[in-house]
1. Between residue D:112 and residue D:70, take the C-beta separation as r, use R0 = 22 Å, and let me know the FRET efficiency to the nearest 0.05.
2. Filter the cross-link list C:87/C:242; B:217/C:185; C:136/D:217; C:135/C:243; C:243/D:117 down to pairs whose alpha-carbon distance in this structure exceeds 28 Å.
3. Which chain D residue puts its Cβ closest to the axis that rotates D onto B, and at what distance in whole Å?
4. What trypsin sites (Lys or Arg not before Pro) does segment D:113-144 have in DSSP loop regions with at most 16 other beta carbons within 10 Å?
5. Provide an ascending nm list, one decimal, of label-point separations from residue A:79 to the equivalent residue in each further copy; define each label point as 7 Å from Cα along Cα→Cβ.
6. Assume the label is 7 Å from Cα along Cα to beta carbon: what separations in nm does residue B:57 have to the matching positions in the other copies?
7. What percent does the relative contact order of segment C:211-261 come to when contacts are Cα pairs within less than 8 Å and at least six residues apart?
8. By how many degrees, 0 to 90 and rounded to 10, does the Cα axis of helix A:22-32 deviate from the longest principal axis of chain A?
Protein chains: 4
Amino acid sequence: MSYNLLKGKRGIIFGALDENSIAWKTAERAHEEGAEFVLTNAPVALRMGTINTLAEKTNSQVIPADATNVEDLENLIEKAQEILGGKLDFVLHSIGMSINVRKGKHYTDQNYDWTHKGLDVSAMSFHKLMQTLYKKDAMNEWGSIVALTYMAAQRVFPDYNDMADNKAYLESVARSFGYFFGKDKKVRVNTISQSPTPTSAGQGVKGFTGFMNYAEKMSPLGNATALECADYTLTLFSDLTKKVTLQNLFHDGGFSNMGVSQELMEAMEE
Amino acid sequence: MSYNLLKGKRGIIFGALDENSIAWKTAERAHEEGAEFVLTNAPVALRMGTINTLAEKTNSQVIPADATNVEDLENLIEKAQEILGGKLDFVLHSIGMSINVRKGKHYTDQNYDWTHKGLDVSAMSFHKLMQTLYKKDAMNEWGSIVALTYMAAQRVFPDYNDMADNKAYLESVARSFGYFFGKDKKVRVNTISQSPTPTSAGQGVKGFTGFMNYAEKMSPLGNATALECADYTLTLFSDLTKKVTLQNLFHDGGFSNMGVSQELMEAMEE
Amino acid sequence: MSYNLLKGKRGIIFGALDENSIAWKTAERAHEEGAEFVLTNAPVALRMGTINTLAEKTNSQVIPADATNVEDLENLIEKAQEILGGKLDFVLHSIGMSINVRKGKHYTDQNYDWTHKGLDVSAMSFHKLMQTLYKKDAMNEWGSIVALTYMAAQRVFPDYNDMADNKAYLESVARSFGYFFGKDKKVRVNTISQSPTPTSAGQGVKGFTGFMNYAEKMSPLGNATALECADYTLTLFSDLTKKVTLQNLFHDGGFSNMGVSQELMEAMEE
Amino acid sequence: MSYNLLKGKRGIIFGALDENSIAWKTAERAHEEGAEFVLTNAPVALRMGTINTLAEKTNSQVIPADATNVEDLENLIEKAQEILGGKLDFVLHSIGMSINVRKGKHYTDQNYDWTHKGLDVSAMSFHKLMQTLYKKDAMNEWGSIVALTYMAAQRVFPDYNDMADNKAYLESVARSFGYFFGKDKKVRVNTISQSPTPTSAGQGVKGFTGFMNYAEKMSPLGNATALECADYTLTLFSDLTKKVTLQNLFHDGGFSNMGVSQELMEAMEE
């Protein structure tokens, strides 16, 4: 399936670790739809993952960048424009990490150095990325910036830990910076709030499988997959959504507007 | 511009009055993207407008239907399937009318017969439409139903009068019916909350031009046009948004998440 | 416990059917806090319930009124001011009824005459009440009007049927009319979105007990009781909340902002 | 006016700088309502302000504490319980500061060291405060924790700068920690989203007076004052709101649910 929806568009895709990643699927689909892009990830993630396979498949170059490091971002944005031959039309931010989660620290027993570090990686990196793009005037008019988020920013999911607060910050940055990017550069900024997805990152959250089942039962159309999220992301990169901005868009089979489902009530009665 | 995004898809489009209508633009764009559809409107609207021009242009047939009349809806849905040669993939509900607005009755001085009638036309018609589609099993799996709405459902716009409450009801119907349509038929149901748009209907609201200017100043990307709304609607009819359901999606250049803009503050200081 | 929080205040309380009613508890507590008020309900509800017991206990008079009938509301508001000796400081709207629910009609198989009737009783009655209060200039400055609602207005609870849409309409009326009541009369208008409560009305909803258990497990502080709702309502009638208006206030032990709870996950795993 | 609403209750109040502070007004009103409490602020704020006047007036002691320093918080919470003679019933967090704002750094040109520091002071301090209260088991059952916030957490106010993102983080912490505090300790946690208020802190925001006028014109009941905010805060500390938790409560004369007002449209037309 290809519509040439992104023909002639240039972008940067953050966060493709392995073939389970949403960013990976987005890169594959963006390639099919005619886009050219640069892939990037933190050096440590590049070593752990298999991004070169993706780069070959999508005819892309990989530029390492620590998204918390402004110099790395400057280098990335400069190089990407050189490689792609012009300003950018789309950017995907798919980055998140909590050391408190990794180390098993409960939300009521945080190590605040880790909390700060997780915020920097997961959320302030999005500000740094946009500030660098903005200062370098690196986006074309009617370009589109998307970050992936999760509904824990609005509602409590106890095991999501400090990532909930990080995502709330991320979504706020999308609105706050989106205003200036819209007004000054005619660029749109949105977040996609995706179903729980069995990526390598997602599976690190405690009780993930049970939670996936719960979300599946609550969602009238079931959980959205990584591939479906990639497809949805493409619509936001396309010219068909030029006036959608500052939005947090739920892509979750309907979960976000459910109070309770019949399946859930039945599962509880068993 | 055509991506063949809706190639092979069949639908029904309500509410194309004249070339300013969002439904009109959606029909034109859906045709360009390869869809086949039936046009419909209330008999009185068919006489007032110029829908035959659109029908010729998009190679479509027009079937009159009063959307508050279940028998009319049954007839429409049966005929549409006969004409198009199968079940439906998309439906657009773009219907709204307040007699209190038309007759100049203030919100604090409603004529309740008119209030009921306006609700029936503007909002309960959406339930009737979906109930008829559901009972007749007229939608294909992964089909998409969209209704147009306005942000007065969430926030106060004093001149919008009882249409605010009608739109709140409409959006609730989208969620409530969307659950059953999703679970039982794998069909998604969403509403698009569009910028103020200078359609023939929109212009009937008191002080519309001043309000358009205000919204333009508040929106970082400016107001969304009818054509842009058509484009956005197509993404929701496409296969790229299969897991988006029960959502109210703002298509408004960012207005919905603005508290105040610099332009507005400057306009007030003048 | 009494703080004299409503000393010298006069009001009207709709919807006290029996001692399980939130309105009943509100009347008892308002009386303890020093308020004087008139009780009202529809003639049929007056026959079914035990409101005279409450009237004696709170030293109140009962004035029958069908809340869908503007003449009845006019009579009620005039009589109430005569009895109480002045304009009103507070009004509680606690009215809801769906014939589709009562008759067991599924949401996808509505009888639209019943849908209209349910809307009229449950939601348009709130507009009629406020329009009558407004036209008669019956509220004191800084008075407070409250209606009870339920979160089905925002999210899907499948068994709540068309009451979901009625509550969405009711909440919209609170905002829309609240603007004019605030600006013109300095009166605040809010809705309280209460936990599922085992009132005589609530228990009519299918699967109510199972649902109560679910909500209890999801709410960090457990479900809110009718008495607790009465207490909360008093704060909104008091002089301590003068600038709270147009709000929909969740009173639900935290349910509304939960995505999932540990108790629920554990209950599902059993 | 006194209702003895907080008779016998003990608490800690953060952030009373001078008599314009919301925290100052809250302390005065809490004292009138029978509460006993400890006042606290950062050492630098204690030197700049006039808190001793408040301490005398309310018969309170002042304990300095840097709210970003866990040891200071531990000391504060221990001492407060010693002084007051038992566990705490209420805590008010009214702390916010952005170095980027102070130093005139635009949102698109942040100094990230300052961004981190502002977040630590304005938002992570709330987590640190609650974590310390929780670990020390310092709150009585049905106690109440409130933090003050601003609507920039939901919508764009361009001059609010990085405080918008800080407030989004703060509100998320209220929900996330509120779940555990509710479930484990039966303590409620809420935020109050207040009108723009001419406190010493508020007035530091660029264009504050023009913005106050705008908000006044948009709010059907006008802006809420510091004293009115104090009154509202008391209701949340009282026993009348025991099941309100995880909420962000707008106290703003209706601003938050306005799309546009007649006054604003008229001001623009002049």
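1. Details: r = 23 Å, r/R0 = 1.04.
With a Förster radius of 22 Å, E is 0.45.
2. Working: C:87/C:242 17 Å; B:217/C:185 30 Å; C:136/D:217 26 Å; C:135/C:243 23 Å; C:243/D:117 33 Å.
Exceeds cut-off: B:217/C:185; C:243/D:117.
3. D:268, 3
4. Details: sites: D:117, D:128, D:135, D:136; in loops: D:136.
Sites meeting the loop and neighbour criteria: D:136.
5. Once sorted, the set of distances for residue A:79 reads 5.3, 6.3, 8.2 nm.
6. The answer, with the shortest distance listed first, is 4.3, 6.7, 6.9 nm.
7. Numbers: 36 pairs, mean separation 28.0, N = 51.
Once divided by the residue count of segment C:211-261, the mean separation gives 55 percent.
8. Long axis of A:22-32 versus the principal axis of chain A: about 40 degrees.
Since every read-out is calculated from the coordinates, none of them should be taken as a lab result. Please read all numbers here as calculations on a predicted model, not as lab measurements. Quick reminder, even Gly has a Cβ in these numbers, built from the backbone with ideal geometry, and neighbours come from all protein chains shown.
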